[in-house]
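Just so it is clear, none of the values below were taken in a lab; they were calculated from the coordinates. Everything quoted here is computed from the prediction, not taken from an experiment. Positions of Cβ are backbone-derived with ideal geometry, glycine not excepted, and every protein chain shown enters the neighbour counts.
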Amino acid sequence: MCGDAFSLPDTGLGGPSDLIYDSGCFHHLPPHRRVSYLALLERHLAPGGRFGIVCFADGAMGSDLSDAELYRQGGLDGGLAYSAQSLRGIFGDLTEIELRRMRDEPPDSSCFGEPFLWAGLFGRDH
Ligand SMILES: C[S@@+](CC[C@H](N)C(=O)[O-])C[C@H]1O[C@@H](n2cnc3c(N)ncnc32)[C@H](O)[C@@H]1O
């Protein structure tokens with residue numbers, strides 16, 4: 001299904017999901033959307049479920065401007081960079097399982113891997 005994650009119609013699949021994986025979407029959201037993003041997770045991630053995220057790492061890719069500077073400037077500057085600390089804060093209601101920089105993969109690899117990204121895995125306990 002392709003659509004705005006914030007206004008998806010009922011998938012008909014029922015119930016919350018055991019796994020939600022965000023590959024590069026979160027860092028394109030404006031700061032005020034974090035609240036509705038967390039509400040989306042709360043609504044759709046099952047207790048005991050896992051949340052995986054890949055996003056721009058601070059100092060490596062994306063904008064390192066503060067939220068206030070971004071709003072002052074009036075744009076997302078190509079995407080927002082996050083520090084490990086800020087991700088831990090934002091997803092603090094979840095349990096961190098692993099948060100590390102993505103492993104680099106050579107161009108001929110069958111896997112995707114870019115070290116300018118965070119690769120995070122969090123769990124929902126209850
Ligand atoms: C950097 S691309 C990542 C594309 C792909 N997931 C990948 O990993 O290669 C960011 C993607 O986030 C999508 N996106 C941004 N805001 C979204 C939203 N509100 N709902 C769904 N997708 C969104 C964009 O359409 C774009 O395809």
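Points to keep in mind about this one:
- Matching residues in the stretch 14-24 - criterion: being over 16 Å from residue 102 (Cα atoms) and either near the ligand (Cβ under 8 Å from one of its atoms) or not β-branched (Val, Ile, Thr) (or both): 14, 15, 16, 17, 18, 19
- The sole residue among 87, 99 that is in contact with a strand residue (DSSP E or B) (Cβ under 9 Å, 6 or more places away or on another chain) and over 30 Å from residue 9 (Cβ atoms) is 99.
- No other residue among 74, 89, 48, 59 is small (Gly, Ala, Ser), loosely packed, with under 12 Cβ neighbours inside 10 Å, touching a residue at least 24 places away in the same chain (Cβ under 8 Å) and more than 16 Å from the ligand (Cβ to nearest atom) apart from 48.
- Residue 80 closer than 15 Å to residue 22 by Cβ, surrounded by 11 or more Cβ atoms within 10 Å (Cβ to Cβ) and in contact (Cβ under 8 Å) with a residue 24 or more places away in the chain: yes
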